[in-house]
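Encoded as structure tokens, the structure appears first; notes follow it.
Just so it is clear, none of the values below were taken in a lab; they were calculated from the coordinates. All values reported here derive from a predicted model rather than from experimental measurement. Don't worry about glycine lacking a Cβ; one is built from the backbone with ideal geometry, like all the others, and counts go over all protein chains shown.
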Amino acid sequence: MHSIRRFRSNRRPCGLDFTAAMCVVLGGLLAHEAAAAPPRPATAKPWAGPAGDFQRQEGRIVGPWWQGGSLGAVYFTGPYAQKLDAFENVGQTVAEALGRPYREIHKDDLLPSDADSNGALVYPDGTARVELFLMPGGNGHKTMKDIAGVTDSRTEMNKFVEHRRTPQAAFKTGMNYLGCCGGFFVATSGYLIPNTLSAGWELWPGKVQNIGPGGRQPFPDVVFDPADRKHPLFRATSNGVLKNMFYSGGPIGVQGDVPDTEYFGKYAGGAMSELVGDWFCIAYRPKDNGRSGRCVIATGHPEVNHKDFLLAMAQYAVYHDYEVPRHVIEPGKPIEAVAGDQQMQYYCLPVEQGKKLTVTLTGMTENCDLYVRHDLPPTFRKSDAKGTRGKTADETVTVAKTKAGDYYLGVHGKHSVLNGAKYTLTATVE
């Protein structure tokens, strides 16, 4: 059971909010006087994620993404992160609530470099390296320009398109995305406004009309449809309402007819009439790709005064089944491959009953572990046999008398490097 936990801070409440909403992206972070945060929602309840093991589902093997190995949650941070973290480290708190590893990354980490030829978001084989990418707040359009190294979006649109290929590849192979305000815009495909050139990462294929004016109080309430009462996000509200939602100029005019998209909550009342009736939060996961991540984004700033809802967004982004990628290995035919840091790569081998199966892992340039399991992919806790001697020692795993069916071999880059550790995997059946 992963419970929704409140944000913790080593400081006493200071009575201040931040207009860029505790942003960690490249946008202004300004002190802003605001009304006291509303009380903790009485109806906020935790809910369990999916089972911690793989299972068969309609001919597929699915399971929680993190069982395949990952770097956990990453937090996109810019030059204003120190101001934010002096108050509270949003990224670390989200990661702790999910029970995941945590890492901060900067704009330079998102692109290939001499130190990391793949960029921080994908492994050497092109699959997702991180489980959750968190980007709250900031000016989304300016953030995109800065990350892509663009000075004029009208003449350098090709740089936008080229830059977003890596996050798109990560999303299609399991990276989940959580964004607020400017982080909402970064996830979109840009503006609906005619003759306006703009582009986000297009993790969600929809668009927005504009960026609305923010900072005027009273802030609007967000009202949810009672039909969503059983949904995890609804349960993180107070009877279907988020009072006085902090808003500082996020996207408005959210496109409302995008396939595979769930829409949650609409703005009501407050000093910003432009927001009334507009969607507050959406969740998107393409149904035609069982390996894709889920994108959960909000136009306002729940991280400021509705932190339980932000954690609910993070949990909903992460807790879904993920189709396990696996390669075929033939007996007696070695496979040379590369494992990224903390990556688990799976191979499948059909074996008859009563045979002797021997699997060897050799030629490692960094420490890799070997796991073997019948019928389902192995996990760190569930396997029929494993080789975990450490360092670069060869690993050999033997199953003396096999069961009939598929055997799954897992190679884990336990102490690998960003650009990957080479290894040779061989399976023999006697």
| request: Could I have the simple spin-label model distance between ASP114 and GLU352, label points 7 Å from Cα toward Cβ, reported in nm to one decimal? | output: 5.6 nm
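Over segment 327-429, what is the relative contact order in whole percent, taking alpha-carbon pairs under 8 Å and six or more residues apart? Walk me through the numbers before you get to the answer.
Values: 299 pairs, mean separation 48.5, N = 103.
Across segment 327-429, relative contact order equals 47 percent.
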| How long are the semi-axes of the ellipsoid equivalent to segment 327-429, from square roots of 5 times the Cα gyration tensor eigenvalues, in whole Å, largest first? | 22, 13, 12
| field | GLU96 paired with ARG326, simple spin-label distance in nm, labels 7 Å along Cα-to-beta-carbon | value | 3.8 nm
| query | Among 171-181, 403-413, 252-262, what's the highest-first ranking by average C-beta atoms within 10 angstrom per residue? | reply | 171-181, 403-413, 252-262
| task | Name the residue farthest towards the positive end of the dipole of segment 251-296 from the options VAL276, PRO259, CYS295, assuming +1 on Cβ of Lys and Arg, -1 on Cβ of Asp and Glu, about the Cα centre. | result | CYS295
| Residue-span extension gain [GLN217 to LYS142] - 0.36 nm each, minus C-alpha spacing | 24.5 nm
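Kirkwood hydrodynamic radius of segment 262-356 from all distinct Cα pairs, in Å? Display every interim value, and only then the final one.
Details: mean 1/r = 0.0560 Å⁻¹.
The answer is 17.8 Å.
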| task | Would you calculate the separation in nanometres between label points at ASP125 and GLU274, each defined as 7 Å from the Cα along the Cα-to-beta-carbon direction? | result | 4.7 nm
| said: Give the lysines reachable from LYS243 as a straight Cα distance under 19 Å; neighbours fewer than 8 places away on the same chain don't count. | reply: LYS45, LYS266, LYS307
| request: Would you calculate the volume per residue, in Å³, of the smallest convex hull containing every Cα atom of segment 206-302? | output: 99 Å³
| request: Just flag the GluC sites (Glu not before Pro) in segment 333-391 sitting in loop per DSSP whose Cβ has no more than 14 other Cβ atoms within 10 Å. | output: GLU352
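What FRET efficiency comes out for VAL161 versus HIS415 if R0 is 35 angstrom and r is the Cβ-Cβ distance? Round to the nearest 0.05.
On the way: r = 36 Å, r/R0 = 1.03.
The pair VAL161/HIS415 has a calculated efficiency of 0.45.
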| field | Student exercise, segment 327-429 dipole from Lys, Arg, Asp, Glu Cβ charges, in Debye to nearest 20 | value | 320 debye
